[in-house]
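Reading through the structure tokens given below for one structure.
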Amino acid sequence: MSRVWVFRILTVLYLIAVAVLCFSNFSHMSEMPRTVFGLPADKVVHFVMFLPFPVLSYFSFDVRKAGPVPAMLLLVCMFALGCLLAWGTELIQSRIPYRSMDPADFKADRIGLICGSLVSFFILLLKHKKNNA
């Protein structure tokens, strides 16, 4: 199985996990801590939940032979797609009786997407530097 297919499978599993986390009813579970390292725990969860999306989705495409410009365009598209996914989850949550829409959650999602995109960007830079060395 190629590396690209492994990342595609991981991306699908990741998207299923995000859907479960975003749309399940967790009211029957015990109370979670309100803060993590002084930050609201809910926002930390949203940050961590969307951090892997750009990396997984970016490597779901065969970018090894692509030049830096197409690879960067793909990375920008994956970030935009991640923002649409994050906004869509918030919109759907606003329509579920046991969930609510919180614009601050979307902000935490975007920060996670930005950090994940930066990780992908640095991997792209290292790959480009290695290929040109």
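Tabulated results
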quantity	calculated
Test: Gly82 is surrounded by 13 or more Cβ atoms within 10 Å (Cβ to Cβ) and without any contact (Cβ under 8 Å) to a residue 60 or more places away in the chain	yes
From Ser2, Ser57, residue being surrounded by 13 or more Cβ atoms within 10 Å (Cβ to Cβ) and either among the polar types (S, T, N, Q) or in contact (Cβ under 8 Å) with a residue 24 or more places away in the chain (or both)	Ser57
Answer residue from segment 60-69, given it is of a type outside the set (Val, Ile, Thr) and at pLDDT below 85 and is surrounded by the fewest Cβ atoms within 10 Å (Cβ to Cβ) among those	Lys65
Residue list for segment 20-39, filter: surrounded by 10 or more Cβ atoms within 10 Å (Cβ to Cβ) and free of Cβ contacts under 8 Å to residues at least 12 places away in the same chain	Ser24, Phe26, Met32, Thr35, Val36, Leu39
2 or more residues more than 17 Å from Leu113 (Cα to Cα) and within 14 Å of the chain's Cα centre (by Cα): qualifying helices (runs of 4 or more DSSP H) within segment 1-99	3-23
Selected residue (criterion: surrounded by the most Cβ atoms within 10 Å (Cβ to Cβ)) from residues of segment 100-115 that are under 14 Å from the mean Cα position of the chain (by Cα) and more than 13 Å from Val18 (Cβ to Cβ)	Ala108
Selection count, segment 90-112, where residues are modelled with pLDDT under 95 and among the β-branched types (Val, Ile, Thr)	2
Pair list, Cβ under 7 Å, 6 or more apart: segment 95-118 residue over 19 Å from Val48 (Cβ atoms), other residue surrounded by 14 or more Cβ atoms within 10 Å (Cβ to Cβ)	Ser100/Gln93; Met101/Glu90; Met101/Gln93
Flag for Ala41 being more than 24 Å from Lys127 (Cα to Cα) and at pLDDT below 90	yes
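The values are calculated or read from the model by the stated rules, or taken from the named source; none is laboratory data. All of these numbers come straight from a predicted model, not from anything done at the bench. Quick reminder, even Gly has a Cβ in these numbers, built from the backbone with ideal geometry, and neighbours come from all protein chains shown.
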